[in-house]
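Accompanying notes for the structure given below.
The values are calculated or read from the model by the stated rules, or taken from the named source; none is laboratory data. Note that this is a predicted model, so its numbers are computed, not measured. Ideal geometry is used to build each Cβ from the backbone, glycine not excepted, and the neighbour counts take in all protein chains shown.
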């Protein structure tokens, strides 16, 4: 790997003689990869690290790292994250060009932060270590951040559970609630409840129930009474 820099942020790029050649590219030093959450699960226990649960998209536009990050977040999910060598190969195979391409690895030495970090959805996931009822947690997130977290795919589940590991309670509230009147579960962000990660024993659907993720184990979702007090995840 080679290291590239922008005026604001340092970012690591991938370089290979086998890719980054395109008639559309005029400057091959600042182009970007973006990562989108496109999933094809082959089993209920499929791991984010072993299955191809996301796609890489090569963007043939010349941008600084900050511009590339903004572009990816606006049009896809984020700049590419590379978990292992399998991802590295898939990243390189996603284009036939030669040169350098931005990925989501950065540090901020000007802020005294020399460690490298991935730009990802986890930047938007905030664990609040305060014990509140579900309604109190909802109001807190909306007043101080944006909303209680919604989880619509396996990638988001992974980022949220990484935050949940640091909770001071056994469960953390999510933005998933049950309505007795209409008899279904819904995300307060109006996202569809397509992706699910319920614990196998969760059968009851009672009034005044909301979903909480377990801090440890498999980080399954559990149906809890709204007046229970847990840490919570904001976005």
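Taking the stated definitions as given, is residue 205 part of a loop (DSSP other than H, G, I, E, B), at pLDDT below 90, surrounded by fewer than 20 Cβ atoms within 10 Å (Cβ to Cβ) and on the phi > 0 side of the Ramachandran plot?
Working: part of a loop (DSSP other than H, G, I, E, B): yes; at pLDDT below 90: yes; surrounded by fewer than 20 Cβ atoms within 10 Å (Cβ to Cβ): yes; on the phi > 0 side of the Ramachandran plot: no.
Criteria not met by residue 205.
Filtering the stretch 129-158 down to residues that are farther than 25 Å from residue 179 by Cα and either in a loop (DSSP other than H, G, I, E, B) or in contact with a helix residue (DSSP H, G or I) (Cβ under 8 Å, 6 or more places away or on another chain) (or both), which residue is modelled with the highest pLDDT? Show your work before the answer.
Within the stretch 129-158, the first condition is being farther than 25 Å from residue 179 by Cα, and the residues that meet it are 129-130, 144, 155, 158.
Among the residues that remain, those that are also either in a loop (DSSP other than H, G, I, E, B) or in contact with a helix residue (DSSP H, G or I) (Cβ under 8 Å, 6 or more places away or on another chain) (or both) are: 130, 155.
Details: 130: 97, 155: 76.
Among those that are farther than 25 Å from residue 179 by Cα and either in a loop (DSSP other than H, G, I, E, B) or in contact with a helix residue (DSSP H, G or I) (Cβ under 8 Å, 6 or more places away or on another chain) (or both), it is 130.
As an exercise: evaluate residue 161 against (1) buried (at least 18 other Cβ atoms within 10 Å of the Cβ); (2) assigned to a helix (DSSP H, G or I); (3) over 16 Å from the mean Cα position of the chain (by Cα) and give the number of the one condition it does not meet.
For residue 161, the failing item is (3).
If you scan the stretch 93-116, which residues turn out to be surrounded by 14 or more Cβ atoms within 10 Å (Cβ to Cβ), at pLDDT below 70 and more than 13 Å from residue 56 (Cα to Cα)?
97, 98, 99
Results for (1) at pLDDT below 95; (2) over 20 Å from residue 163 (Cα atoms); (3) under 26 Å from the mean Cα position of the chain (by Cα), shown as yes or no for each residue.
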{"site": "194", "(1), (2), (3)": "yes, yes, yes"}
{"site": "199", "(1), (2), (3)": "yes, no, yes"}
{"site": "211", "(1), (2), (3)": "no, no, yes"}
{"site": "217", "(1), (2), (3)": "yes, no, yes"}
{"site": "235", "(1), (2), (3)": "yes, no, yes"}
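Considering (1) touching a helix residue (DSSP H, G or I) at 6+ places or on another chain (Cβ under 8 Å); (2) modelled with pLDDT of 95 or more; (3) under 30 Å from residue 55 (Cβ atoms), say which one residue 230 fails and leave the rest.
Tallying (1) touching a helix residue (DSSP H, G or I) at 6+ places or on another chain (Cβ under 8 Å); (2) modelled with pLDDT of 95 or more; (3) under 30 Å from residue 55 (Cβ atoms), residue 230 fails exactly one: (3).
Which count do you get for residues in the stretch 41-72 that are over 21 Å from residue 88 (Cα atoms) and at pLDDT below 85?
Count: 5.
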